[in-house]
Amino acid sequence: MFLSFKYNLMRAMENNVAFMTSVIMMIFNNASFIIQWITIFSLKEVIGTYTLNDVMLFWALSSGSFGITHIFFNGITRIPDYIEHGKLDAYLTMPKNVLCQVATSSLEPSAVGDLLYGYIALIIFNFSIKNLLLYSILIIFGGLIYAAFMVVYYSLTFKYIRSNYFAESLRDVFLNLSLYPDVIFSKVLKILAFSLIPSGFAVWIPVYMLLDFKLKYMLYVILFTIGIITLAFYVFNKGLKNYSSSNLMDARS
Amino acid sequence: MRKYLFIIKTTFIDSLQYVSSLLFRFCGFAIMMYVLTSLWRYIYSDGTGVINGYTFSKMIWYLLLAETISFGSGSNVSSSEVKDTIKSGNIAYQINKPYNYIGYVVCKYMADTFVRFMFFLVISIGLGFIFAGAIEGFNYMSILAGIPVFIFAILIVGLIKILISLTSFWVEDSKPFQHVYNKIVLMFGVFFPLEMFPKLVGTIIRYSPIYGISYGPAKLILDFSGGLFRSILISQLITMIVLLLIIKTVYRRGVKKLNVNGG
């Protein structure tokens, strides 16, 4: 995995200017939403029990988790394309796990900006050594949950062609739920956030932990992460049995 | 003039072929609107009836109308297409055609945008009734007045994006500048009406293009008045004239600088 990451990063940094521009623009993009929240908090002092600093934790954790996923496992976003166009052939012949190879096959340069922004937001709004360490652990779990969630839904392409549009819509819901405080959503959406679209485990519970650490929250996150990763491997491997090669002549880049 | 009408006609027919792909963008639009509606519903839930002149219903309709312009004018013609044409050197084939390249892009953009805009307008009206009910005190005159105002708003967005894309004559990639522009409009024009900002920021927005492309058109539908209609039209006309002059200058300088290797 780390070798793939190294080569992906080297490839992404081939054009230094383009890489740095993507990173800086993503930081700017995420930071612009601070204006949205400053304006909202000028209209209302607290959202539920959350202050501006607390809301920025949702942003820090979402950006950090999103960054981790798209830096290390960006290949997951290509699963539908690989399935539809028979590009999985190149991975099937390798003596390694197919899903691991596919997941680590690419890196999104702008995700480095997401990860950096996560740390910047944490340092500006909620800095403490304890928070920094806990945050670094939590975004790994968040990233793994988000990655596994995408694998589960993108694997539907094995069964239903073009189902990636459906998966992408669910991904939008996942991201939108992660970026906003839980208190604004209805009960139905909260149930969804702790089941079919698990933003609750990836971001909301980690926010509770950064505000008030409880061991049971950590256990929930660890158990859910193990569960969803197992599910992701199961669904992908089951789907792989339906995969038919296209005899596509292609070389891995 | 006939050649430009022909460009509009062919692009319009071409755009109709891709209506189905817009359906998938609808999901992203609806999700975003649902989340923002939830946020505003929560803000208004403590019994606050009116915030800076906006009831919950008016706030949601403002968001929807401003988002409609933003999503509806998201055609690639004025952004990536112009940028790619310059970057790839294909601009060399465009400047010796019997039409003005900028005129060609504007016509193509307007035709392509018409289909997208109408699609998002219908969706927005539907979502508006679901999320916020009918617009309070709606004046039917605003529909008539809204037609030129929305057309000009879309045209101005296109001109701004073309201007940003023309920077590709000098910089390697103009895409980051498009992102910056999109974010500024989103934060200061779409998410909040100018009344929600401190006075100084509100005044800056009032005299910036955001007034004509976001705040003005949405506000006109919500609170129609002859005075508001006139002030938006004046702002839009001034913005268009200034933009056209800048585009003309930048384009002329860019073309002079152009150096394409034949092959």
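The values are calculated or read from the model by the stated rules, or taken from the named source; none is laboratory data. It should be emphasised that the depicted structure is a prediction, and the values quoted were computed from it without experimental measurement. Methodologically, a virtual Cβ is constructed for each residue, glycine included, from the backbone with ideal geometry; neighbour enumeration extends over all protein chains shown. Ligands, DNA and RNA are stripped out before the accessible areas are found, and what is left, the full protein with its side chains, is counted by its heavy atoms. Shrake-Rupley method; radii C 1.70, N 1.55, O 1.52, S 1.80 Å.
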(request) State all residues of region A:157-182 that are open to solvent by 50 Å² or more (accessible area, probe 1.4 Å) and either at the interface with chain B (Cβ under 9 Å from one of its Cβ atoms) or within 16 Å of A:Trp37 (Cβ to Cβ) (or both); if no residue qualifies, say none. (result) A:Tyr165, A:Phe166, A:Glu168, A:Asp172
(request) Identify all residues within region A:14-28 that are in contact (Cβ under 8 Å) with a residue 60 or more places away in the chain and either touching an Asp or Glu at 6+ places or on another chain (Cβ under 8 Å) or not hydroxyl-bearing (Ser, Thr, Tyr) (or both); write none if there are none. (result) A:Ala18, A:Phe19, A:Val23, A:Ile24, A:Met25, A:Met26, A:Ile27
(message) I'm told A:Gly86 meets every condition in (1) under 25 Å from A:Gly142 (Cβ atoms); (2) away from chain B (no Cβ under 11 Å); (3) modelled with pLDDT under 95 except one. Can you identify the failing condition by its number?
(response) (1)
(message) Among the numbered criteria (1) within 23 Å of A:Leu138 (Cα to Cα); (2) open to solvent by less than 40 Å² (accessible area, probe 1.4 Å); (3) over 22 Å from the mean Cα position of the chain (by Cα), which one does A:Thr51 miss?
(response) (2)
(message) Kindly evaluate B:Phe177 against the criterion of being more than 12 Å from chain A (Cβ to nearest Cβ) and crowded, with 18+ Cβ neighbours inside 10 Å.
(response) no
(request) Please identify the pairs in which a residue from region B:138-156 that is of a type in the set (A, V, I, L, M, F, W, C) has its Cβ atom under 7 Å from the Cβ atom of a residue that is modelled with pLDDT of 95 or more and surrounded by fewer than 15 Cβ atoms within 10 Å (Cβ to Cβ), counting only partners at least 6 apart or on another chain. (result) none
(request) Please find, within region B:154-169, the residue that is nearest to B:Phe117 (Cα to Cα) out of those that are open to solvent by 20 Å² or more (accessible area, probe 1.4 Å) and within 14 Å of chain A (Cβ to nearest Cβ). (result) B:Ile164
(request) Can you work out which of the residues in region A:54-66 that are among the polar types (S, T, N, Q) and closer than 20 Å to A:Asn8 by Cβ is surrounded by the fewest Cβ atoms within 10 Å (Cβ to Cβ)? (result) A:Ser65
(message) Being surrounded by fewer than 20 Cβ atoms within 10 Å (Cβ to Cβ), in contact (Cβ under 8 Å) with a residue 12 or more places away in the chain and acidic (Asp, Glu) is the filter here; which residues of region B:35-94 pass it?
(response) B:Glu81
(request) Tell me, please, whether a residue that is touching a His at 6+ places or on another chain (Cβ under 8 Å), crowded, with 18+ Cβ neighbours inside 10 Å and within 8 Å of chain B (Cβ to nearest Cβ) can be found in region A:33-44. (result) no
(message) Pairs needed: first member in region B:4-16, closer than 9 Å to B:Ala111 by Cβ and among the small types (Gly, Ala, Ser); second member anywhere, assigned to a helix (DSSP H, G or I) and modelled with pLDDT of 80 or more; C-beta distance under 7 Å; at least 6 residues apart or different chains.
(response) B:Ser15/B:Ala111; B:Ser15/B:Asp112; B:Ser15/B:Val115
(message) Can you go through B:Val115, B:Val105 and tell me which one is crowded, with 17+ Cβ neighbours inside 10 Å and under 25 Å from B:Ser174 (Cα atoms)?
(response) B:Val105
(request) From the list A:Thr77, A:Thr69, pick out the single residue that is open to solvent by 20 Å² or more (accessible area, probe 1.4 Å) and among the β-branched types (Val, Ile, Thr). (result) A:Thr77
(request) Quick one: in region A:45-63, of everything that is away from chain B (no Cβ under 14 Å) and of a type in the set (S, T, N, Q), which residue is nearest to B:Tyr44 (Cα to Cα)? (result) A:Thr51
(request) Considering each residue of region A:183-198, count those that are within 10 Å of chain B (Cβ to nearest Cβ) and in a helix (DSSP H, G or I), and give that number. (result) 3
(request) Could you please let me know if A:Leu211 is touching a residue at least 24 places away in the same chain (Cβ under 8 Å), more than 14 Å from chain B (Cβ to nearest Cβ) and among the hydrophobic types (A, V, I, L, M, F, W, C)? (result) yes
(request) Inspect region A:127-136 for any residue being out of contact with any Cys (no Cβ under 8 Å at 6 or more places or on another chain), under 30 Å from A:Leu215 (Cα atoms) and within 14 Å of chain B (Cβ to nearest Cβ) and give the result as yes or no. (result) no
(message) Testing B:Ile13 on (1) modelled with pLDDT under 80; (2) within 20 Å of the chain's Cα centre (by Cα); (3) among the β-branched types (Val, Ile, Thr), one condition comes back false. Which one is that?
(response) (2)
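Residue by residue, here is whether (1) in contact with a strand residue (DSSP E or B) (Cβ under 8 Å, 6 or more places away or on another chain); (2) under 27 Å from B:Ile147 (Cβ atoms); (3) open to solvent by 70 Å² or more (accessible area, probe 1.4 Å) holds:
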{"residue": "B:Ile205", "(1), (2), (3)": "no, yes, no"}
{"residue": "B:Ile210", "(1), (2), (3)": "no, yes, no"}
{"residue": "B:Gly216", "(1), (2), (3)": "no, yes, no"}
{"residue": "B:Ser235", "(1), (2), (3)": "no, yes, no"}
{"residue": "B:Thr239", "(1), (2), (3)": "no, yes, no"}
{"residue": "B:Val242", "(1), (2), (3)": "no, yes, yes"}
{"residue": "B:Leu258", "(1), (2), (3)": "no, no, no"}
(request) Take region A:15-28 and flag every residue that is at the interface with another protein chain (Cβ under 7 Å from one of its Cβ atoms) and open to solvent by less than 40 Å² (accessible area, probe 1.4 Å). (result) A:Met25
(message) Of the conditions (1) within 14 Å of another protein chain (Cβ to nearest Cβ); (2) at pLDDT below 90, B:Gly189 satisfies every one except a single condition; which number is it?
(response) (2)
(request) Please find, within region B:118-149, the residue that is nearest to B:Leu5 (Cα to Cα) out of those that are open to solvent by 20 Å² or more (accessible area, probe 1.4 Å) and aromatic (Phe, Trp, Tyr). (result) B:Phe119
